[in-house]
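Structure record follows, encoded as structure tokens.
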Amino acid sequence: MALDTTSHHATEVQKLNQPIIWSNVIGILLFHLLAVYGLLTLPLLQIRWQTYLWGYFLYLAGGFGVAGGVHRLWTHRTYKAKWPLRIILLVCFSISGQNSVFDWVRDHRIHHKFSETDADPHNANRGFFFSHVGWLMQRKHPEVLRRGRQVDMSDVLADPLVRFHNKYFSLLKMLFCFFVPVVVPPLLWSEGWYNSAMGVGILRYVLLLNAAWSVNSLAHIWGGKPYDREISPTENVLVTWLTAGEGWHNYHHAIPWDYKAAELGPSTVNWTTYLIEMFSRIGWAYDLKTPSPDLIRRLVERRGDGTHYKWGAGIMGTAGITKQIDDEFQKWGAARELAEESQ
Ligand SMILES: [Zn+2]
Ligand SMILES: [Zn+2]
């Protein structure tokens, strides 16, 4: 059979350069199968309430380490943190059991800079599965590698605490993501070892992973775009609930330097914003960056899709009208093409 070198050329190249990493596939699959097995076999009514509380605490702490730490602090520099808070954030990030700080920050910086292109590690144009977890199961696209090498990471590496964390990454992950979470319930309130390992170890870990991944998949596919209709990221309430406040993703991509990663404050299910503000009261978080309401309004009016809660269609006017004109223009274009074709 002759090789087809013309059609599907781009996809072929992609496949050739992105071999599957089978150890990752098996690892991720195994954890998910164990999580499902745990759900089916755990005696949910007999597990002690302290264990549920502990699991929920770990889930939120891990979420805070990702959202408040690697994301809003180290990737985007939306605020500054003194060393006690940075230690808390690194411990919390270890609880989440994700990649190293270095890898996380580099991947996320190119995700913002090259969203929805070949250089985006979890390019949502390649579908839900790829942007959710598939991207972790294969070698990175050559463009991701190339752009990744160009990212300035000097600010992250200048932090001695991050350097320490990077050096002992695997050990800290084992300790804070699995060992401590699992041994605490049996030792402190006599929970069964199986319940603790399956529930607090595996299930909590897998749930939080999927929550974090949903920002790249769900919040890049479904939801309104009140701040910038030209980009893929959306405002997704479900993702916000799952991730301690990271689902206001259309806003976040439009203004990535806001410490709230959302227009509004903690009242909009933004647990991470709440904690950053609490730490700023005792001076551990400082120089919190946020835009003026006027800047946001201008953004909404100029680039929004008209779904903004306050300045959307009809109220301040222009956003909704611009959207209407766009839609009309598209319809008109399509109608004209159709008329030309039928002639
Ligand atoms: Zn971001
Ligand atoms: Zn994104």
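The values are calculated or read from the model by the stated rules, or taken from the named source; none is laboratory data. Predicted, not measured: the structure shown is a model, and the values here were computed from it. Virtual Cβ from ideal backbone geometry, glycine too; neighbours counted across all protein chains shown. We work out accessible area using only protein heavy atoms, side chains counted, and drop any ligands, DNA or RNA first. Shrake-Rupley method; radii C 1.70, N 1.55, O 1.52, S 1.80 Å.
Of the residues making up segment 210-222, one or more are away from ligand 1 (no atom under 16 Å from the Cβ), in contact (Cβ under 8 Å) with a residue 24 or more places away in the chain, of a type outside the set (D, E, K, R) and under 15 Å from His253 (Cβ atoms).
On the basis of being modelled with pLDDT under 95 and open to solvent by less than 50 Å² (accessible area, probe 1.4 Å), does Ile315 make the cut? Even if it seems obvious, please write down each step before you answer.
Details: modelled with pLDDT under 95: yes; open to solvent by less than 50 Å² (accessible area, probe 1.4 Å): no.
No.
Table: residues versus (1) within 11 Å of ligand 2 (Cβ to nearest atom); (2) assigned to a helix (DSSP H, G or I); (3) under 26 Å from Tyr56 (Cβ atoms).
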site	(1), (2), (3)
Ala212	no, yes, yes
Asp258	no, no, no
Ala261	yes, no, yes
Pro266	no, no, yes
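For segment 87-103, check the following and say yes or no: at least one residue is of a type in the set (D, E, K, R) and away from ligand 2 (no atom under 15 Å from the Cβ). Yes, because at least one residue in segment 87-103 is of a type in the set (D, E, K, R) and away from ligand 2 (no atom under 15 Å from the Cβ).
Tell me which helices (runs of 4 or more DSSP H) are completely within segment 37-120 and hold 1 or more residues being within 17 Å of Pro185 (Cβ to Cβ) and β-branched (Val, Ile, Thr), or say none if there are none.
In segment 37-120, the matching helices (runs of 4 or more DSSP H) lie at 49-64, 83-96.
Hey, among Gly283, Gly192, Gly201, Gly265, which residue is in contact with a Cys (Cβ under 9 Å, 6 or more places away or on another chain) and farther than 29 Å from Gly127 by Cβ?
Gly201
Among the aromatic types (Phe, Trp, Tyr), closer than 28 Å to Asp120 by Cα and either surrounded by 14 or more Cβ atoms within 10 Å (Cβ to Cβ) or at pLDDT 95 or above (or both): does that describe Phe178? No, not satisfied.
Evaluated against (1) in a helix (DSSP H, G or I); (2) of a type in the set (Ser, Thr, Tyr); (3) modelled with pLDDT of 90 or more, Thr322 falls short on exactly one condition, (3).
Taking every residue in segment 266-278 that is of a type outside the set (Ser, Thr, Tyr) and pairing it with any residue that is open to solvent by 30 Å² or more (accessible area, probe 1.4 Å) and not in a helix (DSSP H, G or I), at least 6 positions away or on another chain, the pairs with Cβ-Cβ distances below 8 Å are Asn270/Trp248; Asn270/Leu264; Ile276/Leu288; Glu277/Pro266; Glu277/Leu288.
Does Leu187 meet the test of being part of a loop (DSSP other than H, G, I, E, B), free of Cβ contacts under 8 Å to residues at least 40 places away in the same chain and away from ligand 1 (no atom under 16 Å from the Cβ)? Break it down stepwise before answering.
Numbers: part of a loop (DSSP other than H, G, I, E, B): no; free of Cβ contacts under 8 Å to residues at least 40 places away in the same chain: yes; away from ligand 1 (no atom under 16 Å from the Cβ): yes.
Taking the combined requirement at face value, the residue does not satisfy it.
Residue-level analysis places Gly68 outside the set of residues that are out of contact with any Pro (no Cβ under 9 Å at 6 or more places or on another chain), farther than 25 Å from Lys289 by Cα and more than 16 Å from ligand 2 (Cβ to nearest atom). Within segment 87-118, the only residue that satisfies the criterion of being without any contact (Cβ under 8 Å) to a residue 40 or more places away in the chain and among the hydroxyl-bearing types (Ser, Thr, Tyr) is Thr117. Checked against the criterion of being open to solvent by 70 Å² or more (accessible area, probe 1.4 Å), part of a helix (DSSP H, G or I) and among the polar types (S, T, N, Q), segment 126-140 contains not a single residue that satisfies it. Looking only at residues that are part of a helix (DSSP H, G or I) and more than 11 Å from ligand 2 (Cβ to nearest atom) in segment 222-250, which one is farthest from Ala124 (Cα to Cα)? Of everything passing the filter in segment 222-250, Trp241 is farthest from Ala124 (Cα to Cα).
Only residues that are among the charged types (D, E, K, R), buried (at least 17 other Cβ atoms within 10 Å of the Cβ) and within 12 Å of ligand 1 (Cβ to nearest atom): list them for segment 102-119, please.
From segment 102-119, those among the charged types (D, E, K, R) are 103, 106-107, 109, 113, 116, 118; that's our starting set.
Now restrict to residues that are buried (at least 17 other Cβ atoms within 10 Å of the Cβ): 106-107, 109, 116, 118.
Passing the criteria: Asp107, Arg109.
Determine which single condition Arg204 fails, assuming it passes every other condition in (1) among the basic types (Lys, Arg); (2) over 30 Å from Gln50 (Cα atoms); (3) open to solvent by less than 20 Å² (accessible area, probe 1.4 Å). If we test Arg204 against (1) among the basic types (Lys, Arg); (2) over 30 Å from Gln50 (Cα atoms); (3) open to solvent by less than 20 Å² (accessible area, probe 1.4 Å), just (2) comes out false.
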